[in-house]
Every structure is written in C-alpha cells, then in structure tokens.
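Undergrad: The structure under discussion is supplied below as structure tokens; questions concerning it will follow.
Read-outs: derived from the displayed coordinates by stated rules, not from any lab. Values in this document were obtained by computation on a predicted structure and should not be read as measured data. Here the Cβ positions follow ideal geometry from the backbone for every residue, glycine too, while neighbour counts run over all protein chains shown.
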Amino acid sequence: MAITDICKQHCSVAQAVHAVGDTWSLMVLRELFLGSRRFDDLQRFTGASPHLLSKRLRALGAEGIVERRPYQQHPVRHEYRLTDKGLDLWPVIAALRSWGDRWAAQAAEPPVTVRHRGCGAQVEPVPVCPDCGEPIGARDLALELSPQARAQRQAMR
C-alpha cells in the first residue's frame, strides 16, 4: 500500500496520521502549544527550513488545524493559531511528551513541566473511564471494529 493510500482506510488512526502524522507537523504543533505564533519563531524552534515550514503550515491550515491571522499591516505579517480542531490535539501531544519523558529522555529532568492554570499544580494527564472514573491503560481496553472496518480488513487479506 502506498503511503498516499493510508488516508483512504476506514480507520480514524489512519485519518489522523494523514492529517498530522509527519515529524514536522508534530514539531509545529509542539511549538504552537508552547506559545510560538510567528513564522520566524516556529522556524527557529523546530529547525525546519522556511520552505518545509510553509508547506506544513499550509497543510495544517487546509486540515482546519491551524489558522493564519494578520498581526501587522505594513508589511503584512501573519501569526499562526490553533483552531478548536487543533486544540483538540492536546491529548496527542501530551501523550507523546509523557512517553518521551519516560522512554526517550536524554536528561535527568523533563524539559517541560505541565501545570494546571487554575491552581498551579503540576499535572500528568491520565485517561480515565467516563463512567467509573478509574484510570485506564491499553490493557484495560477492548477494541471493537465496526462492520465497515472489519470488512475492509478482511478485503486486505
């Protein structure tokens, strides 16, 4: 299967990977969540070339994840902001950060601390069951394929 065909699968993970799954898009998202807004800052802190960064910002804009807003008229300059759709990617970035702190850390201290704005407490986002409130991990879940997903997987055999 060609990489361009991944987004044709009846699979939410495949759709998400198509939208934001490349390295540079994830680095741009990291920077936007850290508060960078301007092209020069996004370039500086991601290390992406101007051409590559422009491409990723256009793609994220086309997906409705990032919006471009003018902040200066003469000359015209823009900043980049996460849309509601982009802000909903926070759990993804938080999970990658948490995994990186545990399994890929190169320093004794995590590079970023997450704090609750309301009270200032340091937090580590943890998924919980909406019914019973218990923390959940991969071993606590059962995944059920929809009939369409099951049929697509069967056709791939």
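Undergrad: Most exposed first by the Cβ proxy, i.e. fewest other Cβ within 10 Å, how do LEU96, LEU26, LEU60 rank?
TA: LEU96, LEU26, LEU60
Undergrad: Here are some values of percent of Cα pairs over 27 Å apart: (1) 40; (2) 30; (3) 14. Which one was computed from this structure?
TA: Among (1) 40; (2) 30; (3) 14, the one calculated here is (1).
Undergrad: Going toward the positive end of the dipole of the chain, with +1 on Lys and Arg Cβ and -1 on Asp and Glu Cβ, which of ALA107, TRP90, HIS74 do you reach last?
TA: The one lying farthest along the dipole's positive direction is HIS74.
Undergrad: Where does each of 147-154, 79-86 land if you order them by average Cβ count within 10 Å, highest first?
TA: 79-86, 147-154
Undergrad: If you don't mind, another one. Tell me, what is the percent relative contact order of segment 3-88, built from C-alpha pairs under 8 Å that lie six or more residues apart?
TA: Result for segment 3-88 is 23 percent.
Undergrad: Moving on to the next point. Amide H to amide H under 5 Å from GLU79: which residues, 5+ apart in sequence or cross-chain, H placed 1.01 Å off N in plane?
TA: Residues meeting the amide H criterion: ARG69, TYR71.
Undergrad: Still on this structure, please answer the following. Which residues' amide hydrogens lie under 5 Å from the amide hydrogen of VAL66, considering only partners 5 or more residues apart or on another chain, with H built in the peptide plane?
TA: GLY61, THR83
Undergrad: Using alpha-carbon pairs under 8 Å, 6+ residues apart, how would you state the relative contact order of the chain in percent?
TA: Computed value for the chain: 16 percent relative contact order.
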